[in-house]
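Each value in this text was obtained by applying a stated rule to the coordinates, not by laboratory testing. Quick caveat: nothing in here was measured; it's all calculated off a predicted structure. Ideal geometry is used to build each Cβ from the backbone, glycine not excepted, and the neighbour counts take in all protein chains shown.
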Amino acid sequence: MIRYSDLESSGHASVEKGGEQQNVMMPRIEQMVQGNHPRVTLAHWHSHWEINRVAGGGGLYIINGTQYTIQQGDIVLIPPQQLHRVCGTDQLLLEAFHIETPHQMNGWWAEDMSSVIHRIGQTVPHVLYRSMPQCGLLSEVLMDVKKELAQREFGYVSIVQAQYMRLLSLLSRYASKPLSSYTPAPSRGVQTVKEVIRVMEGQLAFPWTLKKLSDLAHLSPSRFSALFQQTVGTSPLDYLIRLRLTYAAQLLTSSNEKIIEIAAESGFRNLSNFNRLFKDHFQMSPSELRDTNEQLEA
């Protein structure tokens with residue numbers, strides 16, 4: 001199964017320097033429309049920074065157990081390794097900028113800024129709301145990066161790298177001023193939840209029960225369920241169903257296995273139940289998804 005904690009962060013551009021071609025790290029941008037996109041509906045984490053600009057609509061973002069209501073114009077800041085998931089309303093549109101972490105840069109990152117920037121989510125909120133002055137500044141930088149990467153005119157690499165530095169410096173300035181009114185959710189159980197999710201992803205066909213999952217966390221079923229709900233925004237068994245359905249969708253579009261075999265491999269022992277849950281989640285049946293994918297690839 002594709003792990004959504006293992007997403008690639010940045011792209012690269014090739015530039016000539018000293019008569020030689022060198023790869024230069026570039027941010028990667030993707031657009032995500034609310035629906036049943038796995039990167040939206042499944043909690044995940046990764047080793048790089050992710051900055052989301054809310055381009056339309058609104059919803060709820062859950063980051064390390066802290067919940068934020070978001071709307072058009074807001075900017076969401078997600079440091080490395082933080083468990084996050086977004087629950088959108090109709091027409092939520094996110095522009096996600098994936099950026100390498102400061103310590104992976106080429107020596108120009110000041111240590112004081114590197115330490116301060118990781119306070120985001122600890123002493124200052126993950127979300128810059130559109131009414132905040134910093135939000136406007138960051139939005140301008142992100143939109144300029146997006147434009148330069150799209151047009152790729154002469155000198156765009158230097159401009160993007162300069163904006164890269166400005167972006168991270170602005171984030172450090174924001175993080176250097178703790179907000180006394182901000183109280184993040186306790187994060188001590190986040191690592192426990194992440195480890196359980198890893199086991200779920202690796203053993204989807206196993207007949208999991210709430211008791212078996214809670215045993216992995218060394219907690220009672222009720223305590224584990226409450227922790228998981230707070231951290232991810234849904235119950236452990238509901239999340240397991242989403243994982244299984246996402247994996248089934250991957251197999252349907254990448255293999256010729258029979259649907260009944262895919263259902264079993266994904267952890268569903270009843271085909272009619274699998275078909276019902278799949279259609280509820282993706283608004284189409286397994287066979288319709290496979291047919292649609294084949295038509296797109298034809």
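Observations, loosely collected:
- In plain terms, the residue of I63, I51 with the fewest other Cβ atoms within 10 Å comes first and the most crowded comes last, giving I51, I63.
- Enclosed volume per residue, in Å³, of the convex hull spanned by Cα atoms of the range 172-298: 166
- Local electrostatic count, L252, Cβ distance below 15 Å [Lys/Arg +1, Asp/Glu -1]: -3
- Extension gain from L271 to M284, taking 0.36 nm per residue of separation minus the Cα-Cα distance: 3.2 nm
- Each of E148, E153 was scored by other Cβ atoms within 10 Å of its Cβ. Arranged with the fewest first, they read E153, E148.
- Protection proxy ranking, highest mean first, for peptides 197-208, 64-75: 64-75, 197-208, where packing is the per-residue count of other beta-carbon atoms within 10 Å, averaged.
- The range 174-205 residues near the modelled R223 label - backbone nitrogen below 15 Å, point 7 Å along Cα→Cβ: 188-190, 192-193
- Long-range HN-HN contacts of G57 with modeled amide H, under 5 Å: Q72, L93
- Sequence-distant lysines (8 or more away, or on other chains) whose Cα lies within less than 18 Å of K194: K211, K212
- Local net charge near Q122, Cβ-Cβ under 14 Å (Lys/Arg +1, Asp/Glu -1): +3
- Sequence of F154, F278, F268 once ranked by neighbouring C-beta atoms within 10 Å, starting from the fewest: F154, F268, F278
- Net charge of the neighbourhood of P133, taken over other residues with C-beta under 13 Å away and scored Lys/Arg +1, Asp/Glu -1, is +2.
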